[in-house]
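First the structure, in the form of structure tokens, and then the observations on it.
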Amino acid sequence: MLTAATLGLATYGVYSAGLGVVDFFRSPGLDWWADLALILLGLLLLLSSAFVRVRMPGGLALALSMLLALQALSLHNDFHFYGDILVLPQVFRGVVAGTLAGLAYFGGKAEQANEAHIRE
């Protein structure tokens, strides 16, 4: 579970950073600060995925923070592009983020219990 969460978080981070880079050079794109925020948050999510994998204290909290920040930025982007909030993509993004967070949490607990069992 922890490996799946790590790969999912890393993929989400690369996707977000890549989307920010592509949109930065697109003509009718987002504001420059939104593109930079998308790139920065994506890269921080990529970094936090490594912290989640090694179960570094605070790694999951950092990943959750980046997921929530990307969700908030997505709300801004929807309103900027479409003039309205698209509910279904926002719900899907939230479900994916919640699933990744759950996999990371429970995967970390399972790995911790496995290590404790090995020590006994």
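Please treat every number below as a calculation from the coordinates, not as lab data. None of the values given here were measured: they were computed from a predicted structure. Heads up, the Cβs are rebuilt from the backbone with ideal geometry, glycines too, and the neighbour counts pull from every protein chain shown.
Collect residues whose amide H, placed 1.01 Å from N in the peptide plane, falls under 5 Å from the amide H of Leu86; neighbours closer than 5 in sequence don't count.
Under 5 Å from the amide H of Leu86: no residue qualifies.
Measure nothing but the geometry: give the 0 to 90° angle between the long axis through the Cα atoms of 2-24 and the longest principal axis through the Cα atoms of the chain, rounded to 10°.
Its long axis makes an angle of about 20 degrees.
In whole Hz, what ³J(HN,Hα) sequence does the range 52-57 give by Karplus (6.51, -1.76, 1.60; θ = phi - 60°), x for Gly and Pro?
Taking θ as phi minus 60°, the curve returns 5, 5, 8, 6, 5, x Hz for the range 52-57.
Which of the peptides 104-115, 13-24 is most tightly packed, and how do the rest follow, judged by the mean count of other Cβ atoms within 10 Å per residue?
Most protected by this proxy first, the peptides run 13-24, 104-115.
What does a probe at Val21 reach in the range 38-82, counting residues whose amide N is under 12 Å from the point 7 Å along Cα→Cβ?
Hits in the range 38-82 for Val21 at 12 Å: 39-40, 43.
Per the Cauchy relation, a quarter of the hull surface: what is the mean projected area of the convex hull of the alpha carbons in the chain, in nm²? Mind showing how you got there, number by number?
Details: hull surface 28.7 nm².
So the mean shadow area of the Cα hull is 7.2 nm².
Find the relative contact order for the chain and round it to a whole percent, using C-alpha pairs within less than 8 Å whose residues are 6+ positions apart. Don't skip to the answer; put the middle values down first.
Numbers: 124 pairs, mean separation 38.3, N = 120.
It comes to 32 percent, rounded to a whole number.
Any chance you could give the angle, 0 to 90 degrees and rounded to 10, that helix 59-82 forms with the longest Cα principal axis of the chain?
Relative to the chain, helix 59-82 is tipped by roughly 20 degrees.
Can you give the extra length, in nm with one decimal, that the chain gains between Leu75 and Leu36 once fully stretched, where that is 0.36 nm per residue apart less the Cα-Cα distance? Walk me through the numbers on the way to the answer.
Values: separation 39, 0.36 × 39 = 14.04 nm, distance 1.58 nm.
Extending this stretch completely gives an extra 12.5 nm.
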